[in-house]
Amino acid sequence: MEVEIVDSILAAYSGGALLKLFVDAPALEAAEDAVRGVVGEFLKQSELLGEWKITKCEVELHPELAQQSLDAADGPDAPPADPAARAAQHAQARAEATAVRLTDEEVEAMRAKISALAPRLTAFGLGSFGWCEDDESGIGRDHAELAAGALVYAIDLLVDQLFDDVEALGEGGGTVEECDGPLWLLEDLPDRLAAQYTALFARRFLVTAVSLTGRLTREDFVQLSCVAEEFLLRFLLREAEVVLDAYGLLTDEITSAWEVFADEAYQDSDDEWLYEGATDDTDEGADGAQPEAGVLDIERWFTPFDKTGYVHPYAATEAAEPGNAV
């Protein structure tokens, strides 16, 4: 959550000082927490003000902006009633706000940087993203390069976020279901199995991510090796999308390129079923299909699909027979 300080007023009086900050925040609670946090940190780090204390901290709505919001509640600018539509509107607003802050030179520099990474995805050529030199009706080369390069760029984000998740889960102990701290990726795994995502699972998941992304940048990549890698590739594609969207580089053609890539990279699996809202005590998915035991048992997420699959020894399930994961 981002809270932006847009202006400030500082005044001294006999009992101390009065600091008034004008901030742009999504909620009053967020504004108060952010201001208290930044002022408290400033006092703590300053030798001259080390003994000072925050005696009062309160937040008020900007009267003009609050009135504008109220006026829009029943007007044409009112947010959609559907939660999904509201989420899409907020995402678009964030993207537009980011695009405004970036210059054309910055956007083009990022485009060139990401496109230059495409050759490092040696496991998949541009043809895996729908580009064909002899077929002008397919995905353009520039879009295929952006789609491939964004996956390479997103590797750092994916691995860093998993490191943070491992640390958060290790400090809190227990499972994702019991963890109070924020998590980047582990909490996006199927909720119905959250009680099984332990600190050990998080470390195995991280090692699998390192193994997978390393193989994506080698020419000897054969296929996704296990269920865990299928989830990780889903996350990698999502991070790549976030990067391009933040720089205003995401287009329908790039989305199509990733769809072509996903069709080639993925093996048939039941991982989608786990997101369909089935409860823990049911044996059927939303369409009445019976799930395979390997998908419900996260120990078998790290079992190779077949004898050609590679799972890192740290992550691999002991005494697991290849070919029984799903």
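Across segment 153-169, which residue is nearest to the chain's Cα centre (by Cα) among those that are over 15 Å from R238 (Cβ atoms) and of a type in the set (A, V, I, L, M, F, W, C)? Result: F163. Evaluated against (1) closer than 24 Å to E264 by Cβ; (2) in contact with a helix residue (DSSP H, G or I) (Cβ under 7 Å, 6 or more places away or on another chain); (3) without any contact (Cβ under 8 Å) to a residue 24 or more places away in the chain, F221 falls short on exactly one condition, (3).
If you filter segment 187-203 down to residues that are buried (at least 22 other Cβ atoms within 10 Å of the Cβ) and of a type outside the set (S, T, Y), you find that the one that is farthest from the chain's Cα centre (by Cα) is F201. Enumerate the pairs (first residue in segment 121-134 and closer than 16 Å to Y153 by Cα and assigned by TED's automatic domain parsing to the domain that holds L212; second residue anywhere and polar (S, T, N, Q) and crowded, with 16+ Cβ neighbours inside 10 Å) with beta-carbon separation below 8 Å, excluding pairs fewer than 6 apart on the same chain, so at least 6 apart or on different chains. So the pair list comes out as L121/T217; T122/T217; A123/T217. Scanning segment 282-324 for residues that are among the hydroxyl-bearing types (S, T, Y) and within 22 Å of A265 (Cβ to Cβ), we see that the one that is modelled with the highest pLDDT is T303. Taken across segment 174-184, residues that are hydroxyl-bearing (S, T, Y), crowded, with 19+ Cβ neighbours inside 10 Å and farther than 17 Å from D156 by Cα do not occur at all.
Among the residues of segment 136-147, those that are closer than 21 Å to E239 by Cα and free of Cβ contacts under 8 Å to residues at least 40 places away in the same chain comprise D142, E145.
The values are calculated or read from the model by the stated rules, or taken from the named source; none is laboratory data. Fair warning: this is a prediction, and the values are worked out from it, not measured in the lab. Cβ sites come from the backbone with ideal geometry, for glycine too, and all protein chains shown count toward neighbours.
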